[in-house]
């Protein structure tokens with residue numbers, strides 16, 4: 001008996017459209033990786049295979065400086081946003097449903113729904129007033145801005161992990177006279193840890209490649225790796241940028257692979 005169930009893959013032209021979409025999405029990235037090994041200075045004319053642009057990028061002192069600044073900001077922002085997201089996830093999943101629950105979800109995930117340029121302008125206005133009042137011009141503004149923007153990215157996998165958790169485990173801990181802190185430390189936290197680590201990695205990647213918020217919030221001399229690359233492209237496109245982009249791509253793929261592996265299985 002023939003299978004009469006509906007399947008999108010059986011529609012006429014599905015395979016052609018799918019292949020076309022993948023080509024449009026990934027061919028430019030593939031070309032970027034290929035030309036990072038170009039022996040010449042051109043990004044459009046292949047002049048032979050070479051690894052010269054990778055050591056040149058590494059030996060560029062400015063590239064090292066902006067890379068370390070990006071890693072510092074992304075690490076701090078990921079830790080802060082994941083901590084806040086964990087508390088928010090506990091607060092929204094370990095309580096009875098209320099009339100304002102939808103509004104709470106909306107406010108937590110607001111950075112995902114509002115255009116990033118709006119968030120950047122709002123942060124610019126707030127931080128500009130603080131700078132005038134305090135005179136402080138450090139990296140704290142970028143860390144706080146990235147943290148606020150990354151909270152929903154860390155919140156979603158943590159909340160998903162908590163919602164898939166068997167509540168009888170926490171109830172059993174309470175029946176055995178465990179305090180709320182002991183229950184959280186010995187029961188909830190170990191179970192939610194894969195989701196927290198996944199949220200941490202997702203927040204780190206989001207912060208690492210952010211451009212818009214960084215451009216609006218940063219002070220002079222506080223370029224991150226993405227804003228540095230943007231400035232270099234505006235001047236002249238060098239194959240060195242291709243090498244840096246390829247390394248960023250590899251790091252992102254590694255972190256996102258870890259994210260999907262951690263969130264693939266639930267207890």
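Values quoted throughout were computed directly from the atomic coordinates according to the rules given, and no laboratory measurement underlies them. Remember, predicted model here, so these are calculated numbers, not experimental data. Positions of Cβ are generated from backbone atoms using ideal geometry, with glycine treated the same way; all protein chains shown enter the neighbour counts.
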Relative contact order for region 145-267: what percent, with Cα pairs under 8 Å and sequence separation of 6 or more? 38
Measuring from the longest principal axis of the C-alpha atoms of the chain, the long axis of helix 116-134 (C-alpha) lies at a number of degrees, nearest 10, equal to 90
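Multiplying the sequence separation of residue 112 and residue 5 by 0.36 nm and subtracting their Cα-Cα distance, what value in nm do you get?
Between residue 112 and residue 5, full extension yields 34.9 nm more.
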Mind pulling the angle between the C-alpha long axis of helix 225-235 and the longest principal axis of the chain? Nearest 10 degrees, somewhere in 0 to 90. 30
Taking R0 as 41 Å and r as the Cβ-Cβ distance between residue 134 and residue 33, the FRET efficiency 1/(1 + (r/R0)^6), rounded to the nearest 0.05, comes to 0.40
On full extension of the chain, what length is gained from residue 181 through residue 234, given 0.36 nm per residue of separation minus the C-alpha to C-alpha distance? 13.8 nm
Label region 60-264 by shape, choosing from rounded, prolate and oblate, from the square roots a ≥ b ≥ c of the eigenvalues of the Cα gyration tensor; if a/c is under 1.5 it is rounded, and otherwise prolate applies when a/b is larger than b/c, oblate when it is not. prolate
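Need the full-extension length gain, residue 99 to residue 251, defined as separation in residues times 0.36 nm minus the C-alpha distance. One decimal, nm.
50.5 nm
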Show me 190-199, 209-218, 105-114 ranked by packing, highest mean number of other Cβ atoms within 10 Å first. 190-199, 209-218, 105-114
On a 0 to 90° scale, report how tilted helix 14-35 is relative to the longest principal axis of the chain, with both axes built from alpha carbons and the result rounded to the nearest 10. 60
Proxy reagent accessibility, fewest Cβ within 10 Å first, across 99, 131: 99, 131
Gyration tensor on Cα atoms of region 153-248, a ≥ b ≥ c root eigenvalues, a/c under 1.5 rounded, else prolate if a/b beats b/c, else oblate, says prolate
Rounded if a/c is under 1.5, else prolate if a/b is larger than b/c, else oblate: which is region 26-76, with a ≥ b ≥ c the root eigenvalues of its Cα gyration tensor? oblate
What helix-only [θ] at 222 nm does the chain give? Using -39500 (n - 2.57) per DSSP H run of at least 4, over all residues, to the nearest 500, the answer is -23500 deg cm²/dmol
Just need the relative contact order of the chain here, percent rounded to a whole number, with Cα pairs under 8 Å and 6+ apart. 31
Could you sort 12-25, 50-63 so that the peptide with the highest average Cβ count within 10 Å comes first and the rest follow in order? 50-63, 12-25
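What order, most packed first, do the peptides 75-88, 241-254, 148-161 have when packing is the mean number of other Cβ atoms within 10 Å of each residue?
In descending order of packing, they fall as 148-161, 75-88, 241-254.
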